[in-house]
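A.B. asks: Dropping the structure in here first, questions after.
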Amino acid sequence: HSQSPEAAYCQPGVKVVIPRGPIQAKGLLLSCIRDKNPCIFFEPKILYRSAVEEVPEGDYMVPLGKAEVLREGTDVTLIGWGSQLKILEAACDLAADEGYSCELIDLQTLYPYDIDTLETSVKKTGRVIIGHEAAVTGGWGAELSAKIQERCFEHLEAPIKRICGYDIPPSPLVFEKIHIPDALKNLTAIKETVDF
């Protein structure tokens, strides 16, 4: 159900990936299979019933340890992974309607993560929001926030914001819409961060 334990597995010696959709799932899975290191491949269950994409039949790989910039922007950097990307994309669209320019990054590999892409983006925008479904306490956003703070402190124009699940035990499917951050919650964070 609403469990998102990925942070517990992000340890040296293991590669951890979470795809945002079927195209990335195939490419990341093939990369994990061929990698010489142990890999943990998380599959967001919601993608089984909601993701619709034309997946290429041929062989291809999505590089491990490399984030993907899905949308260029100048006001704020949004970082996410897995099924949360659809929500962040919707928040970016809502923000664009109100004149905010968001850069959206899919982390893809949680460990080892692509700090260089994150650093480049945050130094450009000066602001960052990290969104994930896991609870805010102990979630992977805390590690990213700490590393971005170390590398980009002098470039930040607002505090780093984490928009995550609530600090509650895993909830049944019927309550996931309450537990998981939606586009409007992320839009509010975008406005607060840019207008700080």
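The values are calculated or read from the model by the stated rules, or taken from the named source; none is laboratory data. These numbers come from a predicted model, not from an experiment. Positions of Cβ are generated from backbone atoms using ideal geometry, with glycine treated the same way; all protein chains shown enter the neighbour counts. The accessibility values were calculated without ligands, DNA or RNA, using every heavy atom of the protein model including side chains. Shrake-Rupley method; radii C 1.70, N 1.55, O 1.52, S 1.80 Å.
A.B. asks: Percent of accessible area on the chain owned by carbon and sulfur, 1.4 Å probe? Provide the component values of the computation, followed by the final result.
C.D. replies: On the way: 5470 of 9840 Å².
So the carbon and sulfur contribution to the accessible surface is 56 percent.
A.B. asks: Let me ask something additional. Go through 124/161; 147/177; 123/177; 36/66; 15/185; 26/86 and tell me which ones have a Cα-Cα distance over 24 Å in this structure. Provide the component values of the computation, followed by the final result.
C.D. replies: Values: 124/161 17 Å; 147/177 30 Å; 123/177 33 Å; 36/66 17 Å; 15/185 30 Å; 26/86 18 Å.
Long pairs (Cα-Cα over 24 Å): 147/177; 123/177; 15/185.
A.B. asks: Taking square-rooted eigenvalues a ≥ b ≥ c of the alpha carbon gyration tensor, is segment 38-126 rounded, prolate or oblate, where a/c under 1.5 means rounded and, failing that, a/b exceeding b/c means prolate?
C.D. replies: On the way: a/c = 2.11, a/b = 1.33, b/c = 1.59.
Here segment 38-126 falls in the oblate category.
A.B. asks: Rank-order 14-20, 172-178, 157-163 by packing density, defined as the average count of other C-beta atoms within 10 Å over each peptide's residues, highest first. Let's see the in-between values first.
C.D. replies: Numbers: 14-20: 23.6, 172-178: 11.0, 157-163: 18.3.
My ranking of the peptides, most packed first, is 14-20, 157-163, 172-178.
A.B. asks: Using every alpha carbon pair in the chain, what percent of pairs falls into each 10 Å bin from 0 up to the bin containing the largest distance?
C.D. replies: Once binned at 10 Å, the Cα pair distances of the chain give 9, 37, 37, 15, 1.
A.B. asks: Roll a 1.4 Å probe over the protein chains and send me the accessible area per residue for segment 138-188 in Å². Walk me through the intermediate numbers first.
C.D. replies: On the way: 3020 Å² over 51 residues.
On a per-residue basis, 59 Å².
A.B. asks: For segment 19-120, what is the accessible area per residue in Å² when the probe is 1.4 Å?
C.D. replies: Details: 4980 Å² over 102 residues.
Per-residue value: 49 Å².
A.B. asks: For residue 70, what residues show an amide H to amide H distance below 5 Å, using hydrogens built from the backbone and excluding near sequence neighbours?
C.D. replies: So residue 70 has HN proximity to 104, 105, 106.
A.B. asks: What whole-number value in cubic angstrom gives the convex hull volume per residue for the C-alpha atoms of segment 74-129?
C.D. replies: On the way: hull volume 3.2 nm³, N = 56.
Spelled out: Cα convex hull of segment 74-129, divided by residues, is 58 Å³.
A.B. asks: Relative contact order (percent) for the chain, with alpha-carbon contacts under 8 angstrom and 6 or more residues of separation?
C.D. replies: Numbers: 389 pairs, mean separation 47.9, N = 196.
Result for the chain is 24 percent.
A.B. asks: Something else about it: Please get the size of the charge dipole for the chain, origin at its Cα centre, with Cβ charges of +1 on Lys and Arg and -1 on Asp and Glu, quoted in debye to the nearest 20.
C.D. replies: On the way: 20 positive and 29 negative charges, 98 e Å.
Value, rounded to 20: 460 debye.
A.B. asks: Turning to a different aspect of this structure: Compute the semi-axes of the equivalent ellipsoid of segment 149-196, taking the square root of 5 times each eigenvalue of the Cα gyration tensor, and list them largest first in whole Å.
C.D. replies: Values: eigenvalues 158, 38, 7 Å².
Here the semi-axes work out to 28, 14, 6 Å.
A.B. asks: How would you rank 56-65, 92-101, 114-123, highest first, on the average number of other Cβ atoms within 10 Å across their residues?
C.D. replies: Details: 56-65: 12.9, 92-101: 15.2, 114-123: 18.1.
With the highest mean Cβ count within 10 Å placed first, the list reads 114-123, 92-101, 56-65.
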